[in-house]
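> Dumping the structure here so I can ask a few things about it.
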Amino acid sequence: MATIRTCTSEACSLPESAISSLATAMRGRLIQPEDAGYDAARQVWNATIDRRPALIARCHDTADVIAAVKFASTNALLVSVRGGGHNIAGSALCDDGLTIDLSAMRGIRADAGQRRAWVQGGALLGDVDHETQAYGLAVPLGINSTTGVGGLALGGGFGWLSRAFGHTVDNVISADVVTAAGDLVRASASENTDLYWAIRGGSGNFGIVTAFEFRLHPVGPTILSGPVVHPLDHAPAVLRAYRQVARELRDEASCWFVLRKAPPLPFLKPEHHGAPVLILAMAYAGAVEQGEAALRPLREIGTPLADAVSPHPYAAWQAAFDPLLAPGARNYWKSNDFAELRDEVLDLMVAATRNLPENECEIFVAQLGGAAGRVAGDATAYAHRQTRYTMNIHGRWQSPSGDEKVTAWVRDLYARSAPLSTGSVYVNFVPEAGEVRTVGPFGANEARLRRIKSVFDPLNLFRANVPIEPLRTSAAA
């Protein structure tokens, strides 16, 4: 007998015959705590996460996912779903439950003529860029090549291409979804339309997406991109000038900024390495010549320490921040959304940067808006189209001895800046259960999401993320 938690957090015992039956039904591997490779299988990007599933179903294909979901549903088990394992809260894993692991399902097929890409649920951003850039095409995704596509896309997904082509959810044409009943259904604008709406921003609450169909856009293979580095002492003036320029940027142009200690960048003089800096990271999703003109006003702000903006391979730019986000470090962050960056917010960020608790901590602000901001708030489950800037206060450190001081620093800046924010939050940036927000991750769309949840997952099997509670009714949305 094996002890495992149910979806109501009760402990139950499963006979070995039941576990063996699931293992036999799968082409992939069913991993238990006593098996070789178990500890490696439960490692995720954030080293603060130390959860021990009772079973890990490492799926080889969609049939494996169906078998695992039916097993979980039949036994009412606690379930988590792993794609890339990059989520800050560690939602890929659950203690004493069943983890359904899609990390081996990384197949991708691109059709350049139709500008479509079919991507399995365990693929990483770098996998997609590698395949689609062979045709000079791209899906609007995130900014770290090791992030999982599934979690990113289900939560909203934004990056360098969002202002030009919309968020990731705006580019999902269809999805193959295994529901809580173990049924494989297609969700699109013409099939299971409520489910199609819900998975585009409702996170992993409605089923397991085994494959996405994405819209592709002409990007690259070379784009104009790169960082411009300023000393922190200049940051107040530079950020006020940036704010003005950012309002006038074309949709194809994006400029995020980062406040942190300077990494040992090869184009930065060694005496600046380790000093607190402001980095304007910019990219242009169009012709390099047009980008030169569009990004020039940003590059002309102040007197930078270094300017490394130049033509780069798009796939390389997508991976440029990977060294700062490598797996194995301890991470904790909190986030606020803003419709505008008021002086008080900018000053709070600069002041917090003067008091970084660890060398790898940073504050980064994503510039959104553009095409993504012109989508109606109820067009998809992702509700926060009024957000023009998302601030992520990223605590990152190596030793457990830093846990208390780093989390305190993150929470302090979050609390000070929250009254100046919209009150909303990007669901993939929620670090822990129980956050109280004035708007929250789902905003005005939460009521509809709950109705749809009650249809597709009335028992709340899929809850190990930022959960949406089903209505206790069978009424359809």
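Rule-based calculations on the coordinates, nothing more; no lab input. Please read all numbers here as calculations on a predicted model, not as lab measurements. Counting neighbours? That spans all protein chains shown, and the Cβs are built from the backbone with ideal geometry, glycine included.
> Please give the peptides 149-155, 282-288 ranked by average Cβ packing (other Cβ atoms within 10 Å per residue), highest first, as a rough proxy for protection.
149-155, 282-288
> Let me ask you something else. Sorted by packing (mean other beta-carbon atoms within 10 Å per residue), highest first, where do 16-27, 190-201 land?
190-201, 16-27
> Taking a ≥ b ≥ c as the square roots of the Cα gyration tensor eigenvalues, with a/c under 1.5 meaning rounded and otherwise prolate when a/b beats b/c, else oblate, which class fits segment 342-411?
prolate
> Identify, among Ala320, Ala47, Phe442, the residue whose Cα sits farthest towards the positive end of the charge dipole of the chain, taking +1 on the Cβ of Lys and Arg and -1 on the Cβ of Asp and Glu, with the dipole about the Cα centre.
Sorting the options by dipole projection puts first Phe442.
> Tell me which of Ala25, Tyr414, Gly377 sits at the most positive position along the dipole axis of the chain, charges placed on C-beta atoms (Lys, Arg +1; Asp, Glu -1).
Gly377
> Under the rule a/c < 1.5 gives rounded, and otherwise a/b versus b/c splits prolate from oblate, where does segment 345-477 land using the Cα gyration tensor?
oblate
> Which one is right for this structure if Kirkwood radius over Cα pairs in Å is calculated from it: (1) 26.9; (2) 22.8; (3) 23.5?
Of the listed options (1) 26.9; (2) 22.8; (3) 23.5, (2) comes from this structure.
> In the neighborhood of Ala25, defined by Cβ-to-Cβ distances under 11 Å, what is the net charge if each Lys or Arg adds +1 and each Asp or Glu adds -1?
Once positives and negatives cancel, what remains is +1.
> If you don't mind, there's one more thing I want to ask. If only Cα atoms are counted, what is the Rg of segment 222-429, and what is its Dmax, in Å?
Cα only, segment 222-429: 16.8, 50 Å (Rg, Dmax).
> I'd like the distance separating the alpha-carbon centroids of segment 162-179 and segment 301-322, in whole Å.
What the calculation gives is 27 Å, centre to centre.
> Each residue of segment 2-13 in order: what ³J(HN,Hα) in whole Hz does its phi give by Karplus 6.51 cos²θ - 1.76 cosθ + 1.60, θ = phi - 60°, with x for Gly and Pro?
For segment 2-13, the Karplus-derived couplings read 10, 8, 8, 8, 8, 6, 9, 6, 8, 8, 9, 10 Hz, x marking Gly and Pro.
> In the calculated pair distance distribution of segment 2-101, what percentage of Cα-Cα distances lie above 22 Å?
Tail of P(r) above 22 Å: 21 percent of Cα pairs.
> Moving on to the next point. What's the percent breakdown of Cα-Cα distances in segment 131-278 across 5 Å bins, shortest bin first?
Distribution as computed: 2, 8, 14, 16, 14, 13, 12, 9, 6, 4, 2, 0 percent.
> Continuing with this model, one more query. If you average the alpha carbon positions of segment 406-477 and of segment 337-405, how far apart do those two centres end up, in angstrom?
17 Å
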